[in-house]
Each structure stands twice: as C-alpha cells, then as structure tokens.
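Undergrad: Before anything else, here's the structure in question.
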Amino acid sequence: MKKIFLFALMAILTISSCSKNEDPKPCNCGTITNIGIDTLNKEWRPYTDCHWLEISNECSGNKKKFCYEPTFWSKQTIGSNICLGEEKPW
C-alpha cells in the first residue's frame, strides 16, 4: 500500500511540474546609459529639440536613443532602470 501511495504521489508531482512555460516577458526595459539633447532633430519631430535617453536593453544589451518630453527627461539619471511600455524590443 505504501508503494502504491508513493508511486501515485511521484506521478502527481511529475505531471504537475511539467506545465507549459508562459511567454517570456517583453524586453521593453533597460538601463539609462547616456543622456543628451539634439537640437532641431528633423527625423524625430520637425523643429523640436530631442531630449534623448540612451537605454541599454536588459535582454539583448543593445543600446538605442529615445526622445522624451523635457519635464520627464530632466528627472532621469544615468544608471536608472526604465521600462518603455508599448515600445518594441530593440
């Protein structure tokens, strides 16, 4: 009886540990590596300064610059973590 109970317990534990993995989290977060301003950046918005943050993606390690409004931009510091919401991983 003990052997049957142990076998059943092992079978239940084995089956329950084989659940499907959830989709990996989106890689929209990273670390701010640099901060700057590009004046009259026509590629981003015509005739507007680009207050950019260079962010190193936590999954890929790739770096990319993103433009932000000056009020948000001025509160950021190098080394801080930031997540970009709906931005596609880079």
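Every read-out reported here was derived from the displayed coordinates using simple, explicitly stated rules and does not represent laboratory data. Given the structure is predicted, the values throughout are model-derived calculations rather than measurements. In this analysis, Cβ positions are derived from the backbone assuming ideal geometry, glycine residues included, and neighbour counts consider all displayed protein chains.
Undergrad: Just check segment 25-90 against the gyration tensor rule for me: Cα atoms, a ≥ b ≥ c as the square roots of the eigenvalues, rounded for a/c under 1.5, and otherwise prolate or oblate depending on whether a/b exceeds b/c. Show your work: numbers first, answer last.
TA: Numbers: a/c = 2.11, a/b = 1.61, b/c = 1.31.
Because a/c hits 1.5 or more and a/b exceeds b/c, segment 25-90 counts as prolate.
Undergrad: Which ³J(HN,Hα) values in Hz, rounded to whole numbers, follow from the phi angles of segment 56-61 under the Karplus curve 6.51 cos²θ - 1.76 cosθ + 1.60, where θ = phi - 60° and Gly and Pro get x?
TA: For segment 56-61, the Karplus curve yields 8, 5, 6, 8, 9, x Hz.
Undergrad: Go ahead and run the numbers for FRET between Ser56 and Glu86, Cβ-Cβ distance against an R0 of 30 Å, rounding to 0.05. It would help to have the intermediate numbers written out before the result.
TA: Values: r = 19 Å, r/R0 = 0.64.
Using R0 = 30 Å, I get an efficiency of 0.95.
Undergrad: For Gly36, what charge total do you get from the other residues with a beta carbon under 12 Å from its beta carbon, if Lys and Arg give +1 and Asp and Glu give -1? Could you put the intermediate results ahead of the total?
TA: Working: positive: Lys65; negative: Asp38, Asp49, Glu54.
Its environment carries a net charge of -2.
Undergrad: Further question on the same structure: To the nearest 20 debye, what is the magnitude of the charge dipole of segment 25-90 about its Cα centre, counting +1 on the Cβ of each Lys and Arg and -1 on the Cβ of each Asp and Glu?
TA: Details: 8 positive and 8 negative charges, 22 e Å.
For segment 25-90, the charge dipole is close to 100 debye.
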